[in-house]
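The values are calculated or read from the model by the stated rules, or taken from the named source; none is laboratory data. Worth saying up front: this structure is predicted, and the values here are computed from it rather than measured. Note that each Cβ is placed from the backbone with ideal geometry, even for glycine, and that neighbours are counted across all protein chains shown. Only protein heavy atoms, including side chains, enter the accessible area calculation; ligands, DNA and RNA are left aside. Shrake-Rupley method; radii C 1.70, N 1.55, O 1.52, S 1.80 Å.
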Amino acid sequence: MIPKIHPTFKLNGHSLNHEGVMIIAYSYIKEGEEWEKQIGDFLLSWLDNFDVVTVRTSGSTGVPKEYKLNKQHMINSAVMTGKRFDIDAEKDVLCCLPLSYIAGKMMLVRAMTLGWQLDLVKPSTTPLEKATKRYDFTAMSPLQLAKSLDNIYKTRKVIIGGGAVSQKLVNDLNGKHTRAYHTYGMTETASHIAVRELYPTYEEFYSTVENVTIEQDEEGKLIVHAPDFAYTSLTTNDLVEIIDHNQFRVLGRVDDVINTGSVKVHPVQVEEKLAQHITESFFVSSKADEELGQKVILVIEGEEKEIQHAFKKLGKFEVPKEIYFVNQFNLTHTGKIDKRTTLEKIFSENR
């Protein structure tokens with residue numbers, strides 16, 4: 001299957017048809033920087049005659065895995081996004097995510113499918129800093145949004161994915177001239193299958209997009225039925241609370257649940273409470289303990305300081321038994337905190 005290029009598609013100001021995209025792809029691969037070579041590689045795989053493209057999961061909590069996505073499913077996802085956020089042809093859109101993972105790939109697929117005028121910039125934590133226009137739409141990681149608040153007005157709409165969004169970050173959006181949305185999705189469904197608005201209206205729960213239904217398994221894990229985006233139903237590792245047939249709240253990942261003294265603690269819920277008092281980047285995890293089985297630990301980026309005041313609203317078993325401060329978190333290619341390698345370094349240094 002060779003996908004069609006929309007006639008109004010532009011890349012960095014240049015109108016491109018199929019032949020033009022191929023020329024750009026070869027140019028990126030031959031002469032570009034590493035992030036540009038990733039673009040070139042994806043464009044060539046997108047425009048070949050195979051029905052699937054190979055993508056990788058982000059690896060924020062484990063080893064990255066390869067997955068084959070059907071091109072038609074990716075096109076269906078692109079069309080859904082255009083409808084959901086009302087971004088049609090000839091809109092100015094910014095892609096500031098790496099093309100090594102699905103979020104960046106889908107921005108390019110949307111642009112070619114829907115006829116967007118796409119600007120590609122080198123991924124960084126401050127992608128809007130040098131922007132000279134106001135974009136209609138962009139996608140960011142939570143870290144990019146946090147570092148771009150002074151320039152977020154340069155995009156009319158922004159979707160945030162790939163990680164949790166703290167209440168502090170939501171509060172920081174107050175007064176900004178940008179509509180912000182938090183998306184829920186995965187590589188296997190070619191990007192998001194549910195959305196919640198953060199600003200100017202705050203929605204606590206995710207709502208599924210068109211033709212997506214949800215349920216839970218016996219453990220409380222989310223099951224996603226998305227025939228437009230995946231061949232089979234997908235059982236996720238996310239524990240959820242189902243509100244109704246198309247709304248849910250994420251409680252945390254099943255493999256992240258901490259069993260401490262026979263009490264189950266969800267790190268995401270603890271992080272939400274702590275985010276009201278801790279301004280630095282941080283995450284909650286666990287460590288083996290002879291008495292409790294597992295004990296809650298807190299890892300904070302930055303210099304060591306007193307933070308006991310942040311624990312006032314935590315339950316007895318939610319209070320961290322150990323606190324670690326690190327100079328700088330390891331990050332994945334998508335800008336998420338790489339918890340696995342960060343913890344490996346901490347535990348090796350504290351043996």
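Annotation: of all residues in segment 67-111 being in contact with a Gly (Cβ under 9 Å, 6 or more places away or on another chain) and open to solvent by 50 Å² or more (accessible area, probe 1.4 Å), the one that is nearest to THR126 (Cα to Cα) is LYS91. Residue-level check: of (1) touching a residue at least 12 places away in the same chain (Cβ under 8 Å); (2) assigned to a helix (DSSP H, G or I), ILE5 misses just (2). So for segment 231-240 (the condition being open to solvent by less than 60 Å² (accessible area, probe 1.4 Å), more than 28 Å from ASN171 (Cα to Cα) and part of a strand (DSSP E or B)), does at least one residue qualify? Yes, segment 231-240 contains a residue that is open to solvent by less than 60 Å² (accessible area, probe 1.4 Å), more than 28 Å from ASN171 (Cα to Cα) and part of a strand (DSSP E or B).
All of (1) free of Cβ contacts under 8 Å to residues at least 12 places away in the same chain; (2) surrounded by 15 or more Cβ atoms within 10 Å (Cβ to Cβ) hold for SER166 with one exception: (1). Residue-level check: of (1) touching a His at 6+ places or on another chain (Cβ under 7 Å); (2) closer than 30 Å to SER285 by Cβ; (3) of a type in the set (Gly, Ala, Ser), GLY115 misses just (2). Filtered by the rule that a residue be closer than 17 Å to THR132 by Cα and open to solvent by 40 Å² or more (accessible area, probe 1.4 Å), segment 169-191 gives a lone residue, HIS177.
So that you can scan it fast, the table gives a plain yes or no per residue for (1) assigned to a loop (DSSP other than H, G, I, E, B); (2) open to solvent by 60 Å² or more (accessible area, probe 1.4 Å); (3) modelled with pLDDT under 90; (4) in contact with a His (Cβ under 8 Å, 6 or more places away or on another chain):
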position	(1), (2), (3), (4)
LYS295	no, no, no, no
ILE300	no, no, no, no
GLU304	yes, yes, no, no
GLU318	yes, no, no, no
PHE325	no, no, no, no
GLN328	yes, yes, yes, no
GLY335	yes, no, yes, no
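For segment 209-223, a residue qualifies if it is among the β-branched types (Val, Ile, Thr) and either farther than 14 Å from MET80 by Cβ or out of contact with any strand residue (DSSP E or B) (no Cβ under 8 Å at 6 or more places or on another chain) (or both), and the qualifying residues are THR213, ILE214, ILE223. Before we move on, is THR342 of a type in the set (Ser, Thr, Tyr), in a helix (DSSP H, G or I) and in contact (Cβ under 8 Å) with a residue 24 or more places away in the chain? Criteria met by THR342. Determine if segment 188-205 includes at least one residue that is without any contact (Cβ under 8 Å) to a residue 12 or more places away in the chain and on the phi > 0 side of the Ramachandran plot. No: segment 188-205 contains no residue that is without any contact (Cβ under 8 Å) to a residue 12 or more places away in the chain and on the phi > 0 side of the Ramachandran plot. Would you please list the contacts, defined by Cβ atoms under 9 Å and residues six or more apart or on different chains, that run from a residue in segment 84-99 that is on the phi > 0 side of the Ramachandran plot and modelled with pLDDT of 95 or more to a residue that is open to solvent by 10 Å² or more (accessible area, probe 1.4 Å) and among the polar types (S, T, N, Q)? Short answer, once both residue conditions are applied: GLU90/THR8; GLU90/GLN117. Among the residues making up segment 37-56, a single one is closer than 30 Å to GLY163 by Cβ, open to solvent by 30 Å² or more (accessible area, probe 1.4 Å), in contact with a strand residue (DSSP E or B) (Cβ under 9 Å, 6 or more places away or on another chain) and touching a residue at least 40 places away in the same chain (Cβ under 8 Å): ARG56.
Listed here are the residues, each with its yes/no results for (1) more than 23 Å from LEU108 (Cα to Cα); (2) hydroxyl-bearing (Ser, Thr, Tyr); (3) part of a strand (DSSP E or B); (4) in contact with a Phe, Trp or Tyr (Cβ under 6 Å, 6 or more places away or on another chain).
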residue	(1), (2), (3), (4)
HIS177	yes, no, no, yes
TYR181	no, yes, yes, no
LEU198	yes, no, yes, no
PHE229	no, no, no, no
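Please indicate, with yes or no, whether at least one residue in segment 219-226 is within 26 Å of VAL55 (Cβ to Cβ), assigned to a loop (DSSP other than H, G, I, E, B) and modelled with pLDDT of 95 or more. Yes, because at least one residue in segment 219-226 is within 26 Å of VAL55 (Cβ to Cβ), assigned to a loop (DSSP other than H, G, I, E, B) and modelled with pLDDT of 95 or more. Considering (1) within 23 Å of PHE325 (Cβ to Cβ); (2) free of Cβ contacts under 8 Å to residues at least 24 places away in the same chain; (3) surrounded by 15 or more Cβ atoms within 10 Å (Cβ to Cβ), say which one GLU280 fails and leave the rest. Single failed check for GLU280: (3). Do the conditions hold for TYR28, that is, is it aromatic (Phe, Trp, Tyr), open to solvent by 10 Å² or more (accessible area, probe 1.4 Å), free of Cβ contacts under 8 Å to residues at least 40 places away in the same chain and in contact with a helix residue (DSSP H, G or I) (Cβ under 8 Å, 6 or more places away or on another chain)? In short, yes.
Restricting attention to segment 137-163, the residues that are open to solvent by less than 30 Å² (accessible area, probe 1.4 Å) and either more than 17 Å from the chain's Cα centre (by Cα) or farther than 23 Å from GLU271 by Cβ (or both) add up to 6.
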